[in-house]
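The values are calculated or read from the model by the stated rules, or taken from the named source; none is laboratory data. Because the structure is predicted, anything quoted here is derived from the model rather than measured. No Cβ is skipped: glycine too gets one built from the backbone with ideal geometry, and neighbour counts run over all protein chains shown.
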Amino acid sequence: MSEILSGGPERPPWRPPRWLVMAAVAVVTIAALVVSLIVANGEDAPQSAKPRSSPSLSSPTGVPTPDGPNASVRQDETPGLLINGVALGQGSLNRHDRRADAGPWTVTVRRSDGSLARNGAVVTFPVSKPRVGRPIRIGDASGWNRSGEIIWPVSGAYARVRGDLPRPQLVGIAAATTVSSGRPKVRAPSGFSVVSTGAARPHLLREARYGSDEVGEAGELSGGLTFTGVARCGGIEDRLYAVGTQPAGRVRGKPAVVTSGLVGNAVLAWEPEPGVVAYVGYSGAPLDRGAIGALRRLAERTRLLSSRQWQETRPATVDQVNDFG
């Protein structure tokens, strides 16, 4: 037998009084009006709180860099160098030598038919005293003659002239060299001109790095690294004379040379502006005719960037000594 529990007699349903219903309707109406005003104001308000960023030449997401002409390079500015149409990603780098100006100084001298590392010489001061060399006279001083270079005492230290010129022309450049405030000056002999002066080590060396497969030259350069570099200094040309080069045609009308003695397996270098050395190089396969052809193709695809444009690639910065030897 089940037990039924009861709470008393059945009550009629409760209904709110009329005044309470009218008050609730008024509250809902006001709330809806406020929400609509807020939405309207939000749609009409200017979107200045979130600034727009200008598009960069390259981004870490791998967007290909746009093609374009070489940037105009200001005097004493070190530009950057990219390969057109290839994603740079995070491959840009500034190699910063903060004490470059405190090191040796150079003067680059060229014959009227000269170009980068061809028919010219680089005077460097100061350099170390040589241990070997055949005696040679430079004015009233006794110097040392070595393969492709002459070292002689001047202003309490030693200077060097290095190039691919005949020995009498190297002697003439050495004899025309003086030192003032610790820096060499050259009164160019007849038929020669001073192309540039500056620190032997570059204050800034700007590099961009790619995979050789990314630039489409893995067949000739292997699957290693392809890189570009730009520096403003006399030390690179001096080093090119020391290690030896071979002609490599022209890059946008500028004579180029190729060498395996600078950095990586090889580089192809040219001078887009007086005193500015640009190069394309790689690490991977040995240097041969196929690799030289690949470097020439890549060089023709490059583009100079101004300092501002280069900084838009968000380069990493490394402090180091930019010494080419």
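Some notes on this structure:
- One residue from 229, 244, 219, 261 being of a type outside the set (S, T, N, Q) and at positive phi: 244
- Candidates 239, 250, 308, 297 - the one that is surrounded by 18 or more Cβ atoms within 10 Å (Cβ to Cβ) and either in a helix (DSSP H, G or I) or modelled with pLDDT of 95 or more (or both): 239
- Considering residues of the range 211-235 that are in a strand (DSSP E or B) and among the polar types (S, T, N, Q) only, the residue farthest from residue 93 (Cα to Cα): 226
- Filtering the range 156-189 to residues that are surrounded by fewer than 16 Cβ atoms within 10 Å (Cβ to Cβ) and polar (S, T, N, Q) leaves 178, 180, 181.
- Considered as a group, the residues in the range 190-203 that are buried (at least 21 other Cβ atoms within 10 Å of the Cβ) and not small (Gly, Ala, Ser) include one that is farthest from residue 133 (Cα to Cα), and that residue is 202.
- Screening 55, 135, 69, 126 for residues that are modelled with pLDDT under 95 and more than 19 Å from residue 304 (Cβ to Cβ) leaves exactly one candidate, 55.
- Checked against (1) touching a Gly at 6+ places or on another chain (Cβ under 9 Å); (2) small (Gly, Ala, Ser); (3) surrounded by fewer than 16 Cβ atoms within 10 Å (Cβ to Cβ), residue 128 passes all but a single condition, namely (1).
For every residue, the table says whether it meets (1) closer than 22 Å to residue 321 by Cα; (2) among the hydrophobic types (A, V, I, L, M, F, W, C).
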| site | (1), (2) |
| --- | --- |
| 238 | yes, no |
| 248 | no, yes |
| 255 | no, no |
| 258 | no, yes |
| 263 | yes, yes |
| 269 | yes, yes |
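- Filter result (buried (at least 22 other Cβ atoms within 10 Å of the Cβ) and part of a strand (DSSP E or B)) within the range 109-123: 109, 110, 120, 121, 122, 123
- Verdict on residue 104 being without any contact (Cβ under 8 Å) to a residue 12 or more places away in the chain and over 20 Å from residue 259 (Cβ atoms): no
- Taken over the range 133-178, the residue count meeting the criterion of being under 19 Å from residue 111 (Cα atoms), β-branched (Val, Ile, Thr) and out of contact with any Pro (no Cβ under 7 Å at 6 or more places or on another chain) is 3.
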